[in-house]
Amino acid sequence: MTGMSRALRFTVALVLGLGLLTWAASLIVSSTTRDWFMKDVRLRGQLAVNGARRALVAHWPDARAVQAILSEITRDERIMAAAACSAGLEQVAATVAYPDRFSCERIGVHVRPRSPRERWASWTSVDSLPGGQVHVSAIPIRDDGSAVGFVVLVQDMSYVGRREAKTQGFLVGAFAILAFSASVLTVLAARLSWRGWTRQMRDLLRGESPRPEFQPILRDVRDLVERLVAEREQEGQGGAWTPERLKQTLNRHLHGERIVVVANREPYIDELREGGEVVTLHPASGLVTALEPVMRACSGVWVAHGSGSADRQTADERGHVRVPPGEESYVVRRVWLSPEEERGYYYGFSNEGLWPLCHLAHTRPIFKSDDWRHYENVNRRFAETVCEEVDSDDPIVLVQDYHFALAPRLIRERLPRATILAFWHIPWPNSERLGICPWRTQLLDGLLGASIVGFHTQMHCNNFVDAVDRYLEARIDRELIGFVYQGRSTLLRAYPISIEWPDHWAESAPPAAECRKSVLADLGLGPEALLGVGVDRLDYTKGVEERFLAVERALELHPDLVGRFTFVQLAAPSRTLIDRYRELNERVEREAARINERFGKDGYRPIILKRVHHEPPAVFRYYRAADVCYVSSLHDGMNLVAKEFVSAREDERGVLVLSHFTGAARELTEALIVNPYDLDEAGEALAVALRMSEIEQRDRMRAMRRYLAEFNVYRWAGRMLGDAARLRRQDRLAIRLGIHAPTENGT
Ligand code: F6P
């Protein structure tokens with residue numbers, strides 16, 4: 001027998017032996033892991049009920065209160081349904097998806113003592129429902145030693161099967177790799193001399209191109225390692241929120257379903273320049289700053305108004321364009337609006353009506369029925385476009401901002417099973433103020449078409465609850481924080497929005513010293529200059545006039561700053577077709593000129609107003625160059641400029657002076673928080689900021705950076721999508737069990 005055929009026979013025997021071993025091992029592993037999972041599920045149920053025991057006893061047998069506690073228990077993603085049964089085996093309360101077949105009477109037989117000497121006992125079992133296996137457990141509720149009843153939990157077991165299959169997959173994969181490696185090694189051993197083989201190994205270890213025989217092994221090993229790493233990351237709960245983690249959350253909870261975003265502003269605007277050149281601009285918009293990185297991570301479709309002069313030219317015939325340019329990780333679907341539609345829906349109802357209604361900034365809202373008609377029509381057109389873009393009958397749709405209050409209801413009518421998240425990026429007014437709007441009921445009705453309505457702060461959630469209470473016939477569930485309206489339920493949540501971390505613009509910006517040098521040179525300032533910066537769309541809510549007045553006050557209170565302190569304002573023109581904005585442009589210009597006139601001399605001007613759009617790389621250069629950034633909004637849902645300034649300051653220098661009336665002031669507490677109307681306070685804060693020691697600057701900046709690293713926009717999106725996933729599971733379970741979806745019959 002030749003060496004080669006001996007090697008082949010040995011290989012066949014080896015492969016068979018390993019196959020047998022793998023089969024036996026997979027049986028043992030399967031039964032052991034199933035035991036572990038069962039223990040895990042039992043313990044999870046026990047812990048959930050123990051945690052709620054006190055509350056259950058306190059409220060027993062108040063059906064409404066007990067129902068609320070059960071709903072709280074079923075917030076755990078694997079607990080699908082729960083019921084509370086009295087000692088007399090009557091049902092006290094149950095969550096909506098609770099299957100009838102697990103009646104108190106039926107389960108009680110196993111839990112109830114059979115003789116006076118016995119005690120109530122816990123009981124568990126595995127049962128099958130149309131959608132897969134479930135774990136049913138009954139846990140007695142004791143008050144002072146005697147049982148008042150018991151709680152039945154129905155837990156999802158489908159993941160056990162999935163994990164078993166995965167484990168077996170790994171074992172078989174490992175077997176295949178082992179067998180293959182062994183075969184190749186045996187054959188190679190027969191063919192190669194020891195020297196030749198060791199030379200191959202040396203090449204391999206050095207990373208030099210391996211011989212073809214080794215390439216499949218390496219590929220398999222690499223695949224296996226990658227799968228293991230991905231698994232571990234998916235299972236891991238903690239750690240920072242990253243695009244990767246957001247993607248995994250989507251895959252885990254929502255099976256990677258594609259997301260459809262509806263927002264008026266598009267993330268990339270194509271503009272035609274003289275000579276026919278097309279340039280792509282990044283709009284000055286907090287919404288875009290926040291959502292764009294989320295879409296890059298999740299992919300999907302962003303439905304937006306195509307507002308750029310070259311937008312039609314760069315999109316295909318359906319209005320589709322892949323973005324970001326050069327990266328192309330998601331799609332923008334552009335919706336074309338006529339000038340009348342844009343005038344009525346965007347300039348009119350959205351920005352002359354809703355914008356001043358929601359912001360306490362002393363501008364009178366204007367509501368016209370013509371504008372309202374356009375608003376309704378454009379909302380309908382966007383809802384129809386969403387339906388064209390979805391790839392299932394239960395898609396996830398993120399409806400953004402005040403331009404689309406009616407869209408959630410209109411989408412719901414067309415896609416009853418959709419999971420719709422409506423996020424309102426600006427403040428929500430108190431109900432008295434909302435009463436100004438003749439179409440307040442329609443706005444509320446439209447938003448309650450969503451599965452979840454979100455705001456930045458709890459205060460705006462509270463205002464929304466009051467508004468629903470006052471203007472709609474809806475049931476308010478203050479415990480679960482949500483509403484039941486026209487037979488459907490909607491949750492209400494505060495999700496404070498944030499920025500990507502690390503910010504890709506900050507990462508690509510030059511170091512602080514370089515930025516400072518170039519910005520000071522651009523502004524014609526010397527190296528010793530003290531520099532303040534403001535970055536905004538030119539909007540009356542941003543308090544730009546008050547900001548200039550605060551600079552003036554700082555110069556009055558601290559004359560040593562005159563000649564040294566310069567404040568540069570980057571102001572992107574915005575909504576200039578509206579009179580109030582045109583007027584603001586003139587007022588801001590006048591105010592800057594007056595202050596410059598008063599304090600300027602020998603070329604020194606305390607205020608430099610740049611009324612032009614700046615692209616993010618330029619904005620980040622200014623952030624990095626500044627000694628202080630002043631965000632003086634009179635009212636602002638969140639304000640992401642404040643967060644961007646912090647993200648830009650990798651050097652841990654610079655001071656943020658922040659208006660108390662921004663959502664951001666609740667989070668960035670290490671900023672100097674001021675009332676922008678109080679010019680003494682704001683002027684003093686600017687002076688304090690300019691004199692702050694490097695150590696204090698570092699401590700404050702470091703704390704804010706640590707906060708933003710953790711509370712970044714991936715977390716914002718992850719929390720919303722996590723809540724959406726929970727709702728979807730409940731709905732799907734209800735459908736599986738043949739019950740109407742909880743969102744359809746009212747809970
Ligand atoms: O959050 C409010 C918001 O939607 C921001 O995205 C942006 O700052 C502004 O309103 C909208 O600006 P524009 O009208 O230019 O889209």
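The values are calculated or read from the model by the stated rules, or taken from the named source; none is laboratory data. Small disclaimer: the values here were computed from a predicted structure and weren't measured. As a convention, Cβ positions derive from the backbone with ideal geometry for all residues, glycine included, and neighbour counts pool all protein chains shown. We work out accessible area using only protein heavy atoms, side chains counted, and drop any ligands, DNA or RNA first. Shrake-Rupley method; radii C 1.70, N 1.55, O 1.52, S 1.80 Å.
So that you can scan it fast, the table gives a plain yes or no per residue for (1) touching a strand residue (DSSP E or B) at 6+ places or on another chain (Cβ under 8 Å); (2) farther than 30 Å from GLU644 by Cα; (3) not assigned by TED's automatic domain parsing to the domain that holds PRO416:
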site	(1), (2), (3)
CYS437	no, yes, no
GLN442	no, yes, no
GLY446	no, yes, no
MET459	no, no, no
TYR471	no, yes, no
GLU479	no, yes, no
GLY482	yes, yes, no
THR490	yes, yes, no
Query raised in the report: If you check ALA618, ALA626, which single one turns out to be under 30 Å from PRO293 (Cβ atoms) and open to solvent by 10 Å² or more (accessible area, probe 1.4 Å)?
Result: ALA618
Requested in this report: Taking the options ASP651, ASP699, ASP680, ASP636, name whichever one is under 22 Å from LEU561 (Cα atoms), of a type in the set (Asp, Glu) and out of contact with any Phe, Trp or Tyr (no Cβ under 6 Å at 6 or more places or on another chain).
Outcome: ASP680
Query raised in the report: Can you name the condition, by its number, that GLU376 falls short on among (1) of a type in the set (Asp, Glu); (2) open to solvent by less than 10 Å² (accessible area, probe 1.4 Å); (3) out of contact with any strand residue (DSSP E or B) (no Cβ under 9 Å at 6 or more places or on another chain)?
Result: (2)
Requested in this report: Determine which single condition ALA474 fails, assuming it passes every other condition in (1) in contact (Cβ under 8 Å) with a residue 60 or more places away in the chain; (2) open to solvent by 10 Å² or more (accessible area, probe 1.4 Å).
Outcome: (1)
**Report entry** Residue that is farthest from the ligand (Cβ to nearest atom), among those in the range 528-576 that are more than 27 Å from LEU360 (Cβ to Cβ) and under 35 Å from the mean Cα position of the chain (by Cα)
**Finding:** LEU531
Requested in this report: Could you please let me know if GLU327 is at pLDDT below 95, assigned by TED's automatic domain parsing to the domain that holds ALA418 and open to solvent by 40 Å² or more (accessible area, probe 1.4 Å)?
Outcome: yes
Query raised in the report: Does ALA284 count as touching a residue at least 24 places away in the same chain (Cβ under 8 Å) and open to solvent by 10 Å² or more (accessible area, probe 1.4 Å)?
Result: yes
Query raised in the report: Is the range 540-547 home to any residue that is open to solvent by 40 Å² or more (accessible area, probe 1.4 Å), on the phi > 0 side of the Ramachandran plot and among the small types (Gly, Ala, Ser)?
Result: no
Query raised in the report: Of the residues that make up the range 631-638, is at least one buried (at least 24 other Cβ atoms within 10 Å of the Cβ) and either assigned by TED's automatic domain parsing to the domain that holds VAL288 or acidic (Asp, Glu) (or both)?
Result: yes
Requested in this report: State yes or no: is ARG719 under 30 Å from ALA82 (Cβ atoms) and open to solvent by 40 Å² or more (accessible area, probe 1.4 Å)?
Outcome: yes
Report task. Look at the range 240-265 and say how many of its residues are farther than 18 Å from ALA725 by Cβ, within 17 Å of the chain's Cα centre (by Cα) and assigned to a loop (DSSP other than H, G, I, E, B). Result -> 3
Requested in this report: Would you confirm whether any residue within the range 266-289 is of a type outside the set (Lys, Arg), closer than 27 Å to ARG732 by Cβ and in a helix (DSSP H, G or I)?
Outcome: no
Query raised in the report: Quick check, is GLU644 in a loop (DSSP other than H, G, I, E, B) and either within 26 Å of the chain's Cα centre (by Cα) or crowded, with 20+ Cβ neighbours inside 10 Å (or both)?
Result: no
Report task. Identify, by number, the condition in (1) more than 16 Å from the ligand (Cβ to nearest atom); (2) hydroxyl-bearing (Ser, Thr, Tyr); (3) open to solvent by less than 10 Å² (accessible area, probe 1.4 Å) that TYR604 doesn't meet. Result -> (3)
**Report entry** Flag for ARG537 being touching a Phe, Trp or Tyr at 6+ places or on another chain (Cβ under 7 Å), basic (Lys, Arg) and crowded, with 18+ Cβ neighbours inside 10 Å
**Finding:** no
Requested in this report: Determine, yes or no, whether ASN351 is closer than 30 Å to TYR677 by Cβ, within 16 Å of the ligand (Cβ to nearest atom), surrounded by 22 or more Cβ atoms within 10 Å (Cβ to Cβ) and not aromatic (Phe, Trp, Tyr).
Outcome: yes
Query raised in the report: Among the residues of the range 247-269, is any touching a Phe, Trp or Tyr at 6+ places or on another chain (Cβ under 6 Å), away from the ligand (no atom under 16 Å from the Cβ), open to solvent by less than 50 Å² (accessible area, probe 1.4 Å) and closer than 23 Å to PRO616 by Cβ?
Result: no
Requested in this report: Output yes when any residue across the range 517-527 is in a loop (DSSP other than H, G, I, E, B), touching a strand residue (DSSP E or B) at 6+ places or on another chain (Cβ under 8 Å) and within 16 Å of the ligand (Cβ to nearest atom), and no when none is.
Outcome: no
Report summary line: Every listed condition ((1) part of a loop (DSSP other than H, G, I, E, B); (2) open to solvent by 10 Å² or more (accessible area, probe 1.4 Å); (3) farther than 25 Å from GLY239 by Cα) holds for ASP651 save (3)
Report summary line: Of the residues in the range 297-317, those that are touching a residue at least 24 places away in the same chain (Cβ under 8 Å), open to solvent by 50 Å² or more (accessible area, probe 1.4 Å) and not small (Gly, Ala, Ser) come to ARG312, GLN313, THR314
Report task. List every residue pair whose Cβ atoms lie under 8 Å apart, where the two residues are 6 or more positions apart in sequence or sit on different chains, the first residue falls within the range 154-167 and is on the phi < 0 side of the Ramachandran plot, and the second residue, located anywhere, is charged (D, E, K, R) and exposed (fewer than 15 other Cβ atoms within 10 Å of the Cβ). Result -> LYS166/GLU231
Requested in this report: Considering only the range 389-433, state which residues are part of a helix (DSSP H, G or I), hydroxyl-bearing (Ser, Thr, Tyr) and either at pLDDT below 95 or within 16 Å of the ligand (Cβ to nearest atom) (or both).
Outcome: TYR402
